[in-house]
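Written below as structure tokens is the structure these notes are about.
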Amino acid sequence: MDSPPSRPWAGEPLNPSQQEVVDLLGARDHERPTFDAGLRVHLRAILEEATSELVEEIAATLHVNKHSLSSAHGCEARFLADKDNDFVVSIPVARGTVAHKAIELSVHWPGDPSALELVDEAIARLTVTDHWLADFLGRCTDADRAELRAEANDRVATFMECWPPLKRRWLPVTESATRLELHDALVILRGKVDLTLGRSRGLQAGKVLIDFKTGGSALAHRDDLRFYALLETIRVGVPPRLLASYYLDQGRFDIEEVNKGVLETAAKRTADGICRIVELLGDERPPTYRAGPSCRWCPLISECDTGRRWIANTDR
């Protein structure tokens, strides 16, 4: 992403939050790092060598994304429980998805739409597609729909107030999907980034990967973006320049610069996650229990001493 001018559109100066977006995400040529052309081969080798012994244990194609990796690295018992239980859609879950879709529409929408107009269009589009949220949107009550509209509108309005309009020359791309196949497509890694800006130039990094978040910050959010950066690097051959989680509720960034060490760490974590998933799904060992904030809404909490102790100690 080139460093945008201080006033990206005529007659309307930036507010401090919008200026922060420009300052944090923009970069001049001399600020862009250059990487070795063999980095993509090196990273793929880390993944394939660390998982090569698992090939005979995988009975069917294994699909891995940021959520399955995060779950496998968290509470393994919860990972298995989620695999066995049907996913339940709630207003908070739907809120994030609708807000993401509305922000995607805002990037490409002509004119000056309101946040609520974008939210309503997002809901309408998600309702008539085969998206996993369609059934919930089609059968929810008027009260639930009103609550969903209000909460999603708040997040989208925050984005529109805190971000400058995205210029075409910044090359904005929404919902950018990446796929990486390992071991002759026996393992497939998938990622989808909310927003990307910029592009590489030769071996010089320039792209910024951005994930929009609702709710509180978590260390796992950095791991999610590192996973996306890993897939991007192997696909393109050049890493992104920056990784940025943007918290809509707080109007703030968490930013990390990308280097070889970050990508190697991501590759090793991904390989370890794949190994854990294969072991757990194959019943090769009992799962471990790891307590944390998600214990409060875990389906296993009634029978999990580890989780109940964590909640009791936290609530003191």
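Return the label of the correct value of semi-axes √(5λ) of the Cα gyration tensor in Å, as calculated from the structure shown, out of [x] 33, 28, 18; [y] 47, 21, 19; [z] 33, 23, 20. Correct label, based on the coordinates given: [x].
Here's the picture: charge each Lys and Arg Cβ at +1 and each Asp and Glu Cβ at -1 in region 91-162, and of Gly111, Ala150, Cys140 the one pushed furthest to the positive end of that dipole is Cys140. Counted by neighbouring Cβ atoms within 10 Å, the residues Ser302, Ser217, Ser71 run from fewest to most as Ser302, Ser217, Ser71. Taking the average, over residues, of other Cβ atoms within 10 Å as the packing measure, peptides 303-309, 268-274 rank 268-274, 303-309 from highest down. Over all pairs of different C-alpha atoms, region 190-316 has a mean inverse distance whose reciprocal, the Kirkwood radius, equals 16.9 Å. If you wrap region 34-109 in the convex hull of its Cα atoms and look at it from every side, the mean projected area works out to 9.4 nm². Over region 198-273, the alpha carbon radius of gyration divided by the compact-protein estimate 2.2 N^0.38 Å works out to 1.10. Residues considered: Val41, Val238, Val258. Largest GNM mean-square fluctuation over the chain, using C-alpha springs under 10 Å, is found at Val41. Normalised by the number of residues in the chain, the average gap of Cα pairs under 8 Å and 6 or more apart makes the relative contact order 24 percent.
Here region 12-70 is described by how far its Cα atoms reach on the three principal axes: 60, 29, 14 Å, from widest to narrowest. With Rh defined as the Kirkwood radius, the inverse of the mean 1/r over Cα pairs, the Rg/Rh of region 91-162 is 0.95. Using only side-chain charges placed at the Cβ, +1 for Lys and Arg and -1 for Asp and Glu, the dipole size of the chain relative to its Cα centre rounds to 760 debye. Set the Cα radius of gyration of region 112-235 against 2.2 N^0.38 Å, with N its number of residues, and you get 1.27.
Span-like helix criteria (full DSSP H runs; alpha carbon extent of at least 15 Å along the helix axis; mean Kyte-Doolittle hydropathy of at least -1.0) are satisfied in the chain by 39-51, 91-108, 115-127, 142-162, 219-236, 260-281.
Fewest first, what order do Cys275, Cys75 take by the number of other Cβ atoms within 10 Å?
Final ranking by Cβ density, sparse to dense: Cys275, Cys75.
Read the figures in this text as sums done on the coordinates, not as results from a lab. These figures come from a predicted structure and were not determined experimentally. Positions of Cβ are backbone-derived with ideal geometry, glycine not excepted, and every protein chain shown enters the neighbour counts.
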